[in-house]
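What follows is a single structure, and I will ask about it in a moment.
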Amino acid sequence: LSLALLGGLFLALHFATWITSLSYTSVASSVLLVNTHPVLVFVFSRLVLKEGGSRGDSFYVLLTLLGSALLSWGDLTLGRQALLGDFLALLGAVSVAGYMLIGRVVRRNMGVARYTFIVYGSCALFLLLGLGLFSLPLGPYSGKDFALFFALAFFCTILGHGIYNWALRFVGPTFLSVNVLLEPVAAGVMAYFFFQEIPGGLNILGAAVVLLGIFGYSRGENKRRTMKNSS
């Protein structure tokens, strides 16, 4: 229970730091920096959880990070104000790495419904405490804003994070963390349809590298699990 509550704290820190970073730096830079968490998860999984890995894993993790860097390269050279946003996005990466590692441990002995309820509930309480601590208002917001809040809560959190929490019992946190790097690719596709943002050659190359890295890591993970089950 204590670990699950700690996971809620890490998740709250992730939301608070990463979402705030978008007020100071570009979306591309923020997404790139927050998606450095696979490196942290990869290292701490081996140091703390003693989960094995291979050189191939390291190569594909670095390959996905390279792809993310190519996607966002053009937005990394912003003014001074962006430094604060970049720092907050990095804090978001550290906190989500802690959240995923804690979830890996807790999910071995706790059902997904109970774990999700505790983590999301404590996360909300920690965020409310943070609002009070920094004297931030809860409103007013328009009806459109509340509709967007609901979409974030239902689709991105309940469905998105909920599926990840369920999967933590069956796959390693690095595998999930690497797959989250699809986010920059998906964001680029959505931006094209919703905001008519046409990706450049570097963006397309970066997306291809990210997909290659995810494919390579996933294939290695599947091979290891097939060999483990057969033995």
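The values are calculated or read from the model by the stated rules, or taken from the named source; none is laboratory data. Only a predicted model underlies this, so the values are computations on that prediction, with no experimental measurement involved. With ideal geometry, Cβ positions are generated from the backbone for all residues, glycine too; neighbour counts draw on all protein chains shown. In case anyone asks, the SASA skips ligands and DNA or RNA and just uses the protein heavy atoms, side chains included. Shrake-Rupley method; radii C 1.70, N 1.55, O 1.52, S 1.80 Å.
Pick out, in residue order, every one of the chymotrypsin sites (Phe, Trp or Tyr not before Pro) in region 124-213 that is DSSP loop and has at most 12 other C-beta atoms within 10 Å; say none if there are none.
Sparse-neighbourhood loop chymotrypsin sites (Phe, Trp or Tyr not before Pro): Phe134, Tyr141, Phe170.
Separate question: With r defined as the distance between the Cβ atoms of Trp73 and Glu183 and R0 fixed at 22 Å, what FRET efficiency is calculated, to the nearest 0.05?
The pair Trp73/Glu183 has a calculated efficiency of 0.85.
Give me the number: length gained by fully extending Ile163 to Phe194, i.e. 0.36 nm times residue separation minus the C-alpha to C-alpha distance, one decimal in nm.
Net length gain for the segment: 8.6 nm.
Could you tell me the largest-minus-smallest coordinate of the C-alpha atoms of region 98-165 on each of the three principal axes, in descending order and whole angstroms?
Rounded to whole Å, the extents work out to 41, 27, 18 Å.
Would you rank Arg80, Arg108 by solvent-accessible area, highest first, keeping every protein chain in place and using a 1.4 Å probe?
Arg80, Arg108
What full-extension length gain, to one decimal in nm, is calculated for Arg108 and Phe155 as 0.36 nm per residue of separation minus the Cα-Cα distance?
Taking Arg108 through Phe155 to full extension adds about 14.4 nm, to one decimal.
Points 7 angstrom from Cα along the Cβ direction at Thr20 and Leu131: gap in nanometres?
Taking the simple label geometry, Thr20 and Leu131 are separated by 1.5 nm.
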